[in-house]
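Notes follow once the structure below has been shown.
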């Protein structure tokens, strides 16, 4: 090794417990000097014995078991323990075991222990103190047994036997591949519904009872496997509304879907009219004859396929008859004729609404899908004007509901400019 502008060298990768020789020389202006006399040194013995990592423990009413990981070169172990409050330690010497089992202990007491190991080069240091509490006897209370399970895709219902003298129960569960338990405590109940599970996964669980003396041991392990990816949810039909020329069906939303499929047909026919759409909670079928019965059903599509169809439902459009003027819609209810007329139709800017026989009507503007666009303030007269300039071109509907519940609907076209 050549050292420039220094008088010290650090030699590495030497063998421990080995004697080495070395010599020195210097470089002067006229060349290298002769080598010095020979010096010697001996490296230290094998590094100090290392304490292996602690692995864990288990306890019963009268014993505990502690364990640590194995490590090469260890030829002896010493374990010491005592009950908290006792002045004397109990010491035991082991050979190459990686666990220690202490017996004949007092229940419901706290014990401390520590350990160290011996290698050829000497003893390791002591581990940190660790504390363990022995269990309290459970008296006459027994460990519960599983009665039945009902396993879904993301849920599991588990029921167990009711044990005489039990105050509470605990269940702990986890993924079979996991190391951490989830514990739930139940009072006066012997059934639990576990939710938010992963579908198509293996789980394990254990049960125990709390009696007057404390908790029993955990039961043996039970296992279950959740079902595969849940089937796509069928939409829930809320209801439908009708006019003389249309019907509108509404449903509760289905989340995480790709599309809806709605179909309807006139009763007594075999040809379905189909509609596919990505979102929404309503669908309007329009340009229909009045007084006609239709059948409809729908389904939703998810990542794993289509749901089942809803039940086949019937709906009948309202009965209507043409009135005077510009073909207004005429509805007769309680022997009172009410007419509504829209003009101009198609319309660019301002839509005029004129009706007769209406008292205290609520007026609504909706789009072709049945979604409410605007609630219109009625001015109390037989004619009113509505600004529709902001609407996108297309078909819209005006619905007026009279104070006696009579409903009138007429369509209009918002024209392109």
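Taken together, the values in this text are just the output of simple stated rules run on the coordinates, not laboratory data. Note that the structure is predicted; figures quoted are calculated from it, not measured. Note: ideal-geometry Cβ built from the backbone for every residue, glycine included; neighbour counts use all protein chains shown.
Across segment 262-291, the residues whose backbone nitrogen lies under 20 Å from the label position 7 Å along the beta-carbon direction of residue 401 are 281-285. Ranked from largest, the principal axis spans of the Cα set of segment 48-154 equal 59, 42, 20 Å. Here the simple spin-label model places points 7 Å from the Cα toward Cβ, and for residue 180 and residue 8 these points are separated by 4.8 nm. Gaussian network model of the chain, Cα springs within a sub-10 Å range: biggest mean-square fluctuation belongs to which of 235, 253, 393? Between 235, 253, 393, it is 393 that shows the largest mean-square fluctuation.
So how many Å³ per residue does the convex hull of the Cα atoms of segment 183-282 work out to?
Details: hull volume 19.2 nm³, N = 100.
Dividing the Cα hull volume of segment 183-282 by its residues yields 192 Å³.
Between residue 41 and residue 413, the modelled labels are 10.2 nm apart [label points 7 Å from Cα along Cα→Cβ].
Let's test the formula: R0 of 51 Å, r as the Cβ-Cβ distance of residue 168 and residue 301. What FRET efficiency results, to the nearest 0.05?
Details: r = 46 Å, r/R0 = 0.90.
Between residue 168 and residue 301 the formula returns 0.65.
Between residue 114 and residue 277, the contour length at 0.36 nm per residue exceeds the alpha carbon distance by 51.8 nm. Between 373, 254, 29, the Gaussian network model of the chain with springs among Cα atoms under 10 angstrom shows the greatest mean-square fluctuation at 29. When the chain is treated as a GNM with alpha-carbon contacts under 10 Å, the residue of 49, 232, 141 showing the greatest mean-square fluctuation is 49. Stretching residue 237 away from residue 23 to a fully extended chain increases their span by 67.4 nm, per 0.36 nm per residue minus the current alpha-carbon distance. For the Cα trace of the chain, dividing Rg by the Kirkwood Rh returns an Rg/Rh value of 1.36.
With a ≥ b ≥ c the root eigenvalues of the C-alpha gyration tensor of segment 123-222, is it rounded (a/c under 1.5), prolate (a/b larger than b/c) or oblate?
The shape class here is oblate.
Net length available on complete extension from residue 104 to residue 188 is 26.8 nm, with 0.36 nm assigned per residue and the Cα-Cα distance removed.
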